[in-house]
1. Go through (1) open to solvent by 60 Å² or more (accessible area, probe 1.4 Å); (2) on the phi > 0 side of the Ramachandran plot one by one and return the number of the condition residue 420 breaks.
2. For residue 87, indicate whether it is hydroxyl-bearing (Ser, Thr, Tyr), closer than 27 Å to residue 410 by Cβ, outside any loop (DSSP other than H, G, I, E, B) and at pLDDT below 90.
3. Looking only at region 246-256, which residues are under 17 Å from residue 195 (Cα atoms) and either open to solvent by less than 30 Å² (accessible area, probe 1.4 Å) or over 25 Å from the mean Cα position of the chain (by Cα) (or both)?
4. Filtering region 224-244 down to residues that are within 14 Å of residue 167 (Cβ to Cβ) and in a loop (DSSP other than H, G, I, E, B), which residue is most open to solvent (accessible area, probe 1.4 Å)?
5. Condition check: at pLDDT below 90, assigned to a loop (DSSP other than H, G, I, E, B), surrounded by 14 or more Cβ atoms within 10 Å (Cβ to Cβ) and of a type outside the set (Phe, Trp, Tyr). Does residue 540 satisfy that?
6. Among the listed residues 266, 261, 215, which satisfies the condition of being open to solvent by 10 Å² or more (accessible area, probe 1.4 Å) and touching a His at 6+ places or on another chain (Cβ under 8 Å)?
7. Which residue is farthest from residue 255 (Cα to Cα), if the candidates are limited to region 152-183 and must be part of a strand (DSSP E or B), open to solvent by 10 Å² or more (accessible area, probe 1.4 Å) and in contact with a Cys (Cβ under 8 Å, 6 or more places away or on another chain)?
8. Output the number of residues of region 245-268 satisfying the condition of being of a type in the set (S, T, N, Q) and assigned to a strand (DSSP E or B).
Amino acid sequence: NASRSFVAYRRGDVAAGCAGTSLSACSRMTGAPVVGSSGARTNVHTILRERQMALGRHRRCEVFAGHCGGHCRLLANVSWAQRYELTAILKGHQGCVNTIRWSSDAQVLCSGSDDRRVRLWRFSGGRPPESQEEPHVVAMPHRHNIFDAKLSPCQRRIISCGADGCVCLAELGDKRNEPPKILFRPLRGSFLACKIADSRHFSPEAHLISFGDGRVRLFDLRQRAPQEIVVDCAPLGLTGIGVCPTDGVTLALGGNDPFLRFYDLRALSPRAEAPSQGGGPQTRTPIVAALTASEPLEFSISLSDIGISGIDWSSDGRRLLANFRGGDVAMFDLRDGLVAPSQLSVDSDGQGPTPVRMPEALQQFGLPSDNVYMGLPRWFKGRVNDQTCLKEVRFACGEAAVATGGDCGHLYIWETSTGNLLRKLPADRCVVNCVAPHPDLPLLCTSGIDCEVKVFDLGNSRCAFEAPRRPAPSRGVSSEVFGLHMGERPENVTPREAGRRLADAMQSKQAGNDLVRVEAWREALDSYWEALTRLRFLPPSAEAQAEREALEATCLLNSAWCHLKLQEYSLAEELCTRVLTLQEANVKALFRRAYALAEMNQVDRAELDLEAALALEPGNRELQRLRAKLEWQRRLQQRRERDLYRRIFAQRLAVGDEGEDGDGSHSTARSDAE
């Protein structure tokens, strides 16, 4: 009830049942009553009205749901993920968007790109900015791609790091109009500056940054010389970094091996940058613990390197997500589920944990043997993660779900408690790298290889997980049939853009129908082709997808009819095959493909399609006429085959008789001569 009323109010349909609807259902769902700011019980209409008025974050979060344990209990439900749909696309970058982060008050989204610019998008009341609203743009002095960028808690500074290994700082609202400056530049060689983590243990203006040279550097913006090395894991390259949100002192690191490394920020051994990058540190910060799992460890030892590209802590600090590069997402329970390597064994019947070659691993990765643990994580599987090195993973929906991107360009959302895949949403034409769930609202942003940021919000309907479609038959539609580049992935569009494209496609289809009535087959094909080109987009919702598929099937069927009239039967067959991949029980597609196959004398295949169509519509007269035609064609074919075989046998018999006569006369003549 809460999610349905929430969506209705977001769409402006207050009469859809919002008013007067109590939150008893939400209370039963989340296990806690929902109270307003005054402590009195309230209803959905009041909650959504105050959200619509764009109140402050803390006030809105207090009204939206009661806090328990530091996170929103109403938000902590997977039902929000089942209603996600693409609602906005933030355009403006000129390259891959490698980072997206929410500000501390969750009102501004900070994005960084290959164009070396940081853009600040303001979300007013949880709503994305309109297309005409220009974001604040800051050109950072990087020489290469920006990998991470963060807005400081005071929202007056932007700190960024990138592929050139530099760390840059920009002052916002500076009356002196000073340009952004470089805080750190590699002294020798080149390595990546990957990810930024806050460190409230030092100050709100202190940031920990992981580098590809195996070091973590602390940048305290209060100091005149803000940079110093606090962790040294060289020669291991570091990528993922995160600080436990509860104690603020447990640092987790992921790098180019299958181990999560934990450090205590209270026991750091900081040092200044050495004059030469080749010089080793005097002392190293001691590692508290290292954690891994048997599956990625075995893979890294036996096959190739595997690393951890992204990590994310839960709000209570008890669970930790790790995105294994080249593998899957794992969630470690840090309270239990950890096993010392010496405790791993296999039962006599072959059951139990799989043994790992821990001594070999410790020697290979240079880890101490007394504080390395083997985790028994929950795995989240079903996507490919090979192409990029900085793919992130995040808790979503109040930590009831886990979200990350895949190499196929989709956003994957699993249920945290079971590991079941909930949604697979198209979010990029190539690869999805970054995921940024809103901390207070059922809102989620993604970015990747595209130069856009996608915003997913609640839609009007609940979408169950859909299994992937069956692969198209081998005789699929080629790109020449459509006149399109079918290998290119379609682009994401917003609901408004999808509606406009559907209307344009409908208009082109109607123009093609008018041309069919006057038997202008070639011109009609051009109109249908134009409609199909307008339908080359990823639908933002289930309703848009159903409407697009229905319109695409109609255009394909009409095009097949035109090809039949032009006696281009092979093209007609291919178009009907494409329709049947969209709608398996389409009688028209089965009929027209059977007709095309019959004209190409492929009677056996035509009969199969005809029987399938008659099973759906037994009383269809056109199907019955086609069956009579196929029966006559089958009899004609059998008669021709009999005549052919009769002639072949007759010729062979004639040849055999002539051969026998020739042999007898020859022998007689020879005997007479003798």
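1. (2)
2. yes
3. Hits for region 246-256 are 250, 251, 252, 253, 254, 255.
4. Looking at the filtered set, the residue picked out is 225.
5. yes
6. 266
7. Residue satisfying both the conditions and the ranking: 181.
8. Going through region 245-268 one residue at a time, the tally reaches 1.
The values are calculated or read from the model by the stated rules, or taken from the named source; none is laboratory data. All values reported here derive from a predicted model rather than from experimental measurement. Here Cβ is always computed from backbone atoms with ideal geometry, including for glycine, and neighbour counts include all displayed protein chains. All accessible areas refer to the heavy atoms of the entire protein, side chains included, with ligands and DNA or RNA removed. Shrake-Rupley method; radii C 1.70, N 1.55, O 1.52, S 1.80 Å.
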